[in-house]
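Working notes for the structure below.
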Amino acid sequence: MDYWLFLLICLVATFSPGPAVLLAIKNSANFGVWQSMKGIAGNVAAVMTLASLSAAGLGAIILASDLLFSLIKVLGGLYLMYLGVKAWNTRYTKPALQKDSKPLTTGKKLFTEAYVVGMSNPKAIAFYTAVFPQFIDLNQAVLPQFCLLAGTFACCSMVGLGLYALATTSISQYLARENINRLFHRLTGGIFIGFGLSLIFVNKS
């Protein structure tokens, strides 16, 4: 198993802009970096779930079924478009607590939102189904290798998305300006909608 090559692939995949990165940036800008980490945890949970499905052979079944693949990508695309419309209509709110000391949004909501985004991406399913087997030596115990690979990707996702969230805090003061935050939300909303449309029209090749 060429672990270092796999690690490089994970880093490139994690730091490449995509729905998970955009969601981490949006959550950090709206609710602060610590709240955004709850969403990032949801993405990591999706990573581990997809890796487990791939190990169980379900990923290959999904890729082999045109109906299942189409259903996943359409639902995933529509959900990203929903997030885009939601972001477009959102006004910037400083990370703070309400009068009743409850967060402006719940960690459970951010976790679930990120989990659904991660699970509804057929490209991620294809990644785990096509890439994982290439780095597993069938002459050795499979489970420890699987845990190492899945854990590596999960750690890369946590670190990569966390760095994006931290970087966003450095510009949060500018996002408080009404004209800039309006532009920010419309830009992120438009990108989410673009991601959704591209996901719907993606093919398996």
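The values are calculated or read from the model by the stated rules, or taken from the named source; none is laboratory data. Predicted model only: the values in this text are computed from it and were never measured. Positions of Cβ are generated from backbone atoms using ideal geometry, with glycine treated the same way; all protein chains shown enter the neighbour counts.
Figures for the structure shown
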| item | result |
| --- | --- |
| Test set (1) surrounded by fewer than 18 Cβ atoms within 10 Å (Cβ to Cβ); (2) assigned to a helix (DSSP H, G or I) - Pro17 fails condition number | (2) |
| Region 7-43, residues that are modelled with pLDDT of 85 or more and over 19 Å from Ala167 (Cα atoms) | Leu7, Leu8, Gly42 |
| Helices (runs of 4 or more DSSP H) contained entirely in region 93-190, each with at least 1 residues that are within 19 Å of Ser54 (Cβ to Cβ) and modelled with pLDDT under 70 | 122-131 |
| Candidates Phe6, Phe69, Phe31, filtered to the one that is in contact with a Lys or Arg (Cβ under 8 Å, 6 or more places away or on another chain) and not aliphatic (A, V, I, L, M) | Phe69 |
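Residue-by-condition table, conditions (1) in contact (Cβ under 8 Å) with a residue 24 or more places away in the chain; (2) surrounded by fewer than 21 Cβ atoms within 10 Å (Cβ to Cβ); (3) not hydroxyl-bearing (Ser, Thr, Tyr):
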| position | (1), (2), (3) |
| --- | --- |
| Ala29 | yes, no, yes |
| Val33 | yes, yes, yes |
| Gly39 | yes, no, yes |
| Gly42 | yes, no, yes |
| Ala46 | yes, no, yes |
| Leu50 | yes, no, yes |
| Ala56 | no, yes, yes |
